[in-house]
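Asker: Dumping the structure here so I can ask a few things about it.
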Amino acid sequence: MNKSVGILGIGSCLPEKVLTNFDLEKMVDTNNEWILQRTGISERRILDKESPAYEVGVQAAKRAIDSAGITAEDIDLIIVSTETPDYLAPSTACIIQREIGASKAAAFDVNAACTGFVYGITVAQQFILSGMYRYVLVVGCEALSKVIDWEDRNTCVLFGDGAGAAVLGTVEAGYGILKTYISADGSLGQSVTIPGCHMTEADIEKRIHENKKVIWMDGSEVFKFAVRAAAQAVQKVLDDYGMSMDDVKLIIPHQANIRIMQGIAKKLNVSIEKIYSIIHKYGNVSSASIPLALDEIVREKKISKGDNIVVVGFGGGLTWGATLIKWNIEI
Ligand code: ACO
């Protein structure tokens, strides 16, 4: 009998501070109508300046471990997806390992920007299938507020902070991850950048205000790529498994813009009701957005054991990918 890998437990955590579109109106030349119409976002959660991102990551991880019915000592590997690590070293995964007391776990970060959670669960699946590890914790942990130019209306209205986590392990054959696909095209990488240890003259020129260590993106290029790549990835996992869109209960995309979700629905020829959205209340939380949405879906009992769902990510890198899951937990 073939081994299957699935999600055993899920959790999330958001900062308490809410930043509304009306708050942003007081900070930059923007307005609620523009933000709502162009993005679907009403508000987002923001960490305090003094608070590191790992704090929400730790809470999300603890909730996922509890919901899996195991303890932190049972975890063999921690994979954190983040493009906003608190430190370049140590990794956020090592910090979370320390904070939750997962003393026997190996730990590393994955940076695939907004596709990070799809990359993370795909890597986790390989370790479990190979027999090397039994329980892998994957955490999407992000603090975009710390890399935003709060004077740049093109980007500061789009993002938020938060974390979502999942524990993966073996499940009943035929359930869990049925197909997964990850991809990248580094030749398009300059369309969304966050500087690390190095910056070119071009990077500096693009950032028009004093703070240069901030996100920059070509919004319309990323938008077109996102619709195309997400639709292709969803179709690919379905085709590779031999399943049709009619068999899928929900598609859970990375939450970047409601118009991107409408574009994906149109390209896939599905009703927008099939595309799950939390964009209005949290904005774009990069790699945390998919596990945040999944946690809400589970808590609100919007899926049942046996339902097929597809999670699909796209973002900086550029990267993209999708995972087809037959939900394996009785809720
Ligand atoms: N308020 C008011 N006006 C604004 C604002 C704002 N917050 N932001 C931009 N504008 C203006 C622009 O200056 C422009 O004005 P102009 O015509 O006078 O020059 C006008 O609105 C239209 O701007 P566009 O960029 O054409 O607006 P568009 O409809 O393309 O929406 C957006 C922009 C929301 C950024 C969209 O392109 C988008 O969502 N792109 C994808 C972003 C994404 O998915 N990122 C994911 C990857 S990010 C990552 O990996 C971290």
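Asker: Put +1 on the Cβ of every Lys and Arg and -1 on every Asp and Glu Cβ in the stretch 178-326; which of Ser289, Val270, Cys197 then has its Cα farthest towards the positive end of the dipole?
Answerer: Val270
Asker: Further question: Using R₀ = 41 Å, calculate the FRET efficiency as 1/(1 + (r/R₀)^6) where r is the Cβ-Cβ separation of Ile204 and Asp48; round to 0.05.
Answerer: The computed FRET efficiency comes out at 0.90.
Asker: What residues qualify as long-range amide H neighbours of Val171, i.e. H under 5 Å apart, gap of 5 or more or another chain, H built at 1.01 Å from N?
Answerer: Those qualifying (amide H under 5 Å, at least 5 residues apart or on another chain) are Ser4, Val5, Gly6.
Asker: Further question on the same structure: Can you give me the convex hull volume of the Cα atoms of the stretch 166-243, divided per residue and expressed in Å³?
Answerer: 148 Å³
Asker: Averaged per residue, what accessible area in Å² does the chain show with a 1.4 Å probe, protein chains only?
Answerer: 42 Å²
Asker: Over the Cα atoms of the stretch 178-326, compute the convex hull volume and normalise it per residue, giving Å³.
Answerer: Hull volume normalised by residue count: 123 Å³.
Asker: What list of whole percents do you get for P(r) of the stretch 1-55, with Cα-Cα distances grouped in 10 Å bins up to the one holding the largest distance?
Answerer: 18, 31, 25, 13, 9, 3, 0
Asker: Computing the accessible area with a 1.4 Å probe over protein heavy atoms, can you report the carbon and sulfur percentage for the stretch 4-174?
Answerer: 47 percent
Asker: Also, quick follow-up: Tell me, what is the percent relative contact order of the chain, built from C-alpha pairs under 8 Å that lie six or more residues apart?
Answerer: Relative CO of the chain lands at 26 percent.
Asker: Related question: How high is the relative contact order of the stretch 69-159, given as a whole-number percent (alpha carbon pairs under 8 Å, six or more residues apart)?
Answerer: 37 percent
Asker: Still on this structure, I have one more. Sorted by average packing, counted as other Cβ atoms within 10 angstrom per residue and highest first, what order do 32-45, 206-219 take?
Answerer: Highest-to-lowest ranking by the protection proxy: 32-45, 206-219.
Asker: Can you pull the three principal axis extents for the Cα set of the chain, in Å, largest first?
Answerer: Principal extents (largest minus smallest coordinate, Cα): 58, 46, 37 Å.
Asker: Going by amide H atoms built from the backbone, whose H comes under 5 Å of the H on His254, apart from near neighbours?
Answerer: The answer is Val312, Gly313, Phe314.
Asker: Also: Kindly rank 170-176, 71-77 from highest to lowest mean number of other beta carbons found within 10 Å of each residue.
Answerer: Top to bottom by mean Cβ count within 10 Å: 71-77, 170-176.
Asker: With the alpha-carbon atoms as the only input, what is the per residue convex hull volume for the stretch 123-218 in Å³?
Answerer: 152 Å³
The values are calculated or read from the model by the stated rules, or taken from the named source; none is laboratory data. These figures come from a predicted structure and were not determined experimentally. Positions of Cβ are generated from backbone atoms using ideal geometry, with glycine treated the same way; all protein chains shown enter the neighbour counts. The protein model used for the area step is the full one, side chains on, heavy atoms only, and it has no ligands, DNA or RNA in it. Shrake-Rupley method; radii C 1.70, N 1.55, O 1.52, S 1.80 Å.
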